[in-house]
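The values are calculated or read from the model by the stated rules, or taken from the named source; none is laboratory data. This one's a predicted model, so the numbers in the text were calculated from it and none came from an experiment. For neighbour counting, all protein chains shown are included, and Cβ atoms are generated from backbone atoms with ideal geometry for every residue, glycine included. Ligands, DNA and RNA are stripped out before the accessible areas are found, and what is left, the full protein with its side chains, is counted by its heavy atoms. Shrake-Rupley method; radii C 1.70, N 1.55, O 1.52, S 1.80 Å.
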Amino acid sequence: GVAFFVKYSFEHNLIPPAVRAALGFLIGSGLIVGGLKIPRARYAITAQTLIATGIVSLYAVTFACNSIYHFAFFGAVPTFLLMSLITATAFILAVRLDAQVVAILGILGGFLTSKLLSTGVDNPVGLFGYLALLDIGLVAVTLHRRWFYLVPLGAAGTVLMMIGWAQLFYLPEKTGTAMTVCLGFCALFIGTT
């Protein structure tokens, strides 16, 4: 009944978009807090599920505030910063809770952040600087928890982002930038192993 009411209220605009967003942030945060509060020794899977669902909810609501509702506060920079904070929180919680699924969602959300919030303007320093921070966080999680399979996931995401950048913005005069970026990320990932 509740699900049908929520669907009905959204379709008939009974709940304004700002209230929907606020409820989304409250529910996402509540799921994370709930996952942290329940006894993890007895309910580890439930705790990780709640936290992972909260992380996904926060990404979705933040994206909706920027791209669907176009709220004034949620411009490109604040949305980017908020999604970066969500990614960092996911990494911290993954390490603290020994929750690999939360780390994977953090990686996915981190890479999607740059794609979803793309302005269509070439900014290699911003893009690759962000990816470097994301990958350094990923490497820190990997080394701390010994989840070495995360490195190929991060490398694959980075390569896909580099290919996307090259398809849209690469020109022969940007060869130096492209080579520097490739060598830098290669050194980062090889140094992890």
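List of remarks:
- Restricting the trypsin sites (Lys or Arg not before Pro) of segment 119-187 to loop positions (DSSP other than H, G, I, E, B) with no more than 15 neighbouring Cβ atoms within 10 Å leaves 146.
- Loop exposure criterion: chymotrypsin sites (Phe, Trp or Tyr not before Pro), DSSP state outside H, G, I, E and B, at most 12 other Cβ atoms within 10 Å. Applied to the chain, the longest stretch between such sites is 74-147.
- Options (1) 1.02; (2) 1.15; (3) 1.25 - which one matches Cα Rg over 2.2 N^0.38 Å as calculated here: (2)
- Evaluated at q = 0.18, 0.22, 0.27 Å⁻¹, a Debye calculation over the C-alpha positions of segment 58-133 (equal weights, vacuum) places log10 I(q)/I(0) at -0.72, -0.99, -1.26.
- Nearest-ten-degree value, helix 175-192 long axis tilted from longest Cα axis of the chain: 70
- In segment 36-82, trypsin sites (Lys or Arg not before Pro) in a DSSP loop with at most 13 other beta-carbon atoms within 10 Å: 42
- Per-residue [θ]222 nm for the chain (sum of -39500 (n - 2.57) over DSSP H runs n ≥ 4, rounded to 500): -26500 deg cm²/dmol
- Surface accessible to a 1.4 Å probe, residue 31 within the full protein complex, Å²: 40
- Using Cβ point charges alone (K and R +1, D and E -1), the dipole size of segment 1-117 about the Cα centre works out to roughly 220 debye.
- Taking all Cα-Cα distances within segment 104-193, those exceeding 20 Å account for 32%.
- Cα-based helix-to-principal-axis angle, 44-63 vs the chain, degrees rounded to 10: 80
- Angle of helix 100-116 to the longest C-alpha principal axis of the chain, folded into 0 to 90 degrees and rounded to 10: 70°.
- Each Cα pair under 8 Å and six or more residues apart adds its sequence gap; the mean of these over the residue count of segment 35-193 is a relative contact order of 18 percent.
- With all projection directions averaged, the alpha carbon convex hull of segment 93-148 covers 3.9 nm².
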